[in-house]
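Okay, so here's the structure we're looking at.
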Amino acid sequence: MAVLGTRKRRLLNILAGVLILIVFFQLVLGQNYLHISNPQNTSNISMAQVVPTTSVHLPVISKLLAYTQWPQLAGNPQRTGYVDFEIPTPWKVLWIWNGHLNGGDGRATGGHLRLPKDVQPVVGGGNLYIGHSDGYLRAISQANGQQVWATNLGNAITNTAAYDAATNSVYAGTSDGRFWRLDASSGQVIRSNRPSGIITMAPLLVGNTVYIGNSIGQFYAFDKSTLVQLWIYNAGAALVGSPAYSDNHAGVIILLAEDKSVHAVQAANGARRWRVTVNGDVDPIRGTVFADTYPVISEIYDSVIVRSYINWDKIWQPNGGAPTSVSEIRNYLTQNPSYQSFFVLSMDNGSQRYVAPVMPGGIGNGGDLEAPPPQAVVKSFPDGTEVAYVLWRSRSSCSNVCDGREDTTIGEMNLATGDIRFMQDYKSQGSMRLPTDEQSPLSMAGNTLFHAHWMLLGAIRITDRSANLGGSYSNPIRAAELTPVLNTLSSNLCSSRGGHYCGTNMQAPCDGFGVDPGFYIYYAGACVYDQYWTTAVRSAVFSNNTIYWKSVDGAIIAISSANP
């Protein structure tokens, strides 16, 4: 009996070893997710009518490599706009770069840089990295906001760079079609190549590969160390919006082409997995559909969220604001598909999973929406679920008279069904400014959601997501209002201010919107955001208990955890 027990133990040890090896090879060789599926028979359904399967993907690599920095656009290759850590309160201003002279108290001073709207700071190696249309890529110290280096690449950098910790490199594309790799510590150029066309998208970094596309529809995969071309994919139309990556299906990249098509290509070899078209309008002034935007991946639900440009006139329909309930909004968009601009597509085949109840919105004025609507933020939970936080519209969120401008609020979307729960939004109460033609980009750290409006950065912290909440605007998911950051504080207010903090109610010099006590960048008699205007299309970013917000005029304010 003793011998038999020993053999059993040896057999169990062998089996355990085999299991360990299987997990190891999944991690190392790229079989990096487990797929649990209950497929339905779709043999009699056309591709456009495919019913979504009941699928759950459990990514391995993505869960192990939790991002604590913000190394590329929207924080990660999936472009979720989310980091899994909180920025503890209270906060204080750490420093301000490209504002008043030496971060002081006043208006914008000489040499002020109006950074391109698509540029978002990326973080790594102790620095922030910022490109500019003057051709310079700059490194700014996280510790004190001082410039560490500036390298002239000769042509405009109009989108976000990418930082790679493994090689200590920064990557950026320029308007002459050249792609660059720089040393992150010194700014020295290590390598460059010229894919041709014009590069306006942000690079995508995944593993040992960096990806970039151009205005003539070519999308390249390069070895991140040598910049040697690994493969090229031709999308057939200009690539202006930035790409995203999913671990699922052995690694897939989502591209947005200017003929309104969405492409899924295999990251390993550039082979097309699928191509579909979505509704969208061509921006009548800028001539684009996907400029300024990017796809957002839900790994758990094997889906990609796509936003497309929509014309100004469509935000005013129907009369009296958006319908009230999720089902009514969904019915309206089903009957009026030309109003759809929020798409949740299957990563498997590109089919639309459901009609998302999100009506058109964006930033604009006088008949012109200046960019596609802001993207969703996707957050993962320990129970293996994901939700999307979105700006959406419901007539029930209007206070008195309702029209297409007053009905925007914040919601939590169930990515399995598309249903949305109402959230306590604090709109027009001193920190969250949410008109439909002022919908601005979102990002999230832990339970705190940030809204990067052109006038101020607002934030709410979710405190209660109980299942009985969110069914109506009057019974929302609970949240707490946090300290706002105002771009320009009127110079006739707050005489007792200090450390870029005002302990009394604030107001901008050119706008009557009342703002709660909080932080500010400029103290001036004119609104700096109007003087150096760019459209708000990039969110705040987070690293090391610090918030970094690039305001629309180009200043960057760093707000850290400490007493104000």
> So, in the range 366-392, of the ones that are surrounded by fewer than 19 Cβ atoms within 10 Å (Cβ to Cβ) and touching a helix residue (DSSP H, G or I) at 6+ places or on another chain (Cβ under 9 Å), which residue ends up nearest to G81 (Cα to Cα)?
Replying inline: D368
> Does the range 470-485 contain any residue that is polar (S, T, N, Q), under 27 Å from V552 (Cβ atoms) and part of a loop (DSSP other than H, G, I, E, B)?
Replying inline: yes
> When the range 414-427 is examined, which residues are found to be part of a strand (DSSP E or B), buried (at least 19 other Cβ atoms within 10 Å of the Cβ) and either of a type in the set (S, T, N, Q) or in contact with an Asp or Glu (Cβ under 7 Å, 6 or more places away or on another chain) (or both)?
Replying inline: I420, R421, M423
> So is I190 more than 28 Å from N102 (Cα to Cα), aliphatic (A, V, I, L, M) and modelled with pLDDT of 95 or more or not?
Replying inline: yes
> For the range 103-137, which residues satisfy the criterion of being aliphatic (A, V, I, L, M) and more than 25 Å from the chain's Cα centre (by Cα)?
Replying inline: A108
>> Return the pair list, or none, for Cβ contacts closer than 6 Å from residues in the range 260-272 that are farther than 19 Å from I305 by Cβ to residues that are at pLDDT below 95 and not in a strand (DSSP E or B), at least 6 apart or on different chains.
In response: none
>> Conditions first: (1) in contact with an Asp or Glu (Cβ under 6 Å, 6 or more places away or on another chain); (2) free of Cβ contacts under 8 Å to residues at least 60 places away in the same chain; (3) surrounded by fewer than 22 Cβ atoms within 10 Å (Cβ to Cβ). C398 passes all but one, so which condition is the exception?
In response: (2)
> Counting only residues that are within 22 Å of the chain's Cα centre (by Cα) and over 25 Å from A536 (Cα atoms), which one in the range 138-166 is surrounded by the fewest Cβ atoms within 10 Å (Cβ to Cβ)?
Replying inline: A165
> When you go through A555, A479, A526, A540 one by one, which is the residue that is surrounded by fewer than 18 Cβ atoms within 10 Å (Cβ to Cβ) and in contact (Cβ under 8 Å) with a residue 24 or more places away in the chain?
Replying inline: A526
> If you check V210, V276, V228, which single one turns out to be under 24 Å from the mean Cα position of the chain (by Cα), among the β-branched types (V, I, T) and surrounded by fewer than 22 Cβ atoms within 10 Å (Cβ to Cβ)?
Replying inline: V276
>> Given the criterion in contact with a strand residue (DSSP E or B) (Cβ under 8 Å, 6 or more places away or on another chain), in contact (Cβ under 8 Å) with a residue 40 or more places away in the chain and outside any strand (DSSP E or B), identify the matching residue among P323, P284.
In response: P284
> Does the range 372-385 contain any residue that is touching a strand residue (DSSP E or B) at 6+ places or on another chain (Cβ under 9 Å), at pLDDT 95 or above, of a type outside the set (S, T, Y) and in a helix (DSSP H, G or I)?
Replying inline: no
>> Please go through the range 248-288 and give me each residue that is closer than 27 Å to I300 by Cβ and among the hydroxyl-bearing types (S, T, Y), ordered by number.
In response: S261, T277
> Do you know which of the residues in the range 189-207 that are among the β-branched types (V, I, T) and within 26 Å of the chain's Cα centre (by Cα) is farthest from L239 (Cα to Cα)?
Replying inline: V206
> What tally of residues in the range 486-535 results from selecting those that are part of a strand (DSSP E or B), among the hydroxyl-bearing types (S, T, Y) and within 16 Å of M455 (Cβ to Cβ)?
Replying inline: 5
>> With outside any loop (DSSP other than H, G, I, E, B), surrounded by 15 or more Cβ atoms within 10 Å (Cβ to Cβ) and under 18 Å from the mean Cα position of the chain (by Cα) as the only criterion, which of I329, I315, I300, I305 stands out?
In response: I305
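The values are calculated or read from the model by the stated rules, or taken from the named source; none is laboratory data. A quick note: this is a predicted structure, and the numbers were derived from the prediction, not measured. Note that each Cβ is placed from the backbone with ideal geometry, even for glycine, and that neighbours are counted across all protein chains shown.
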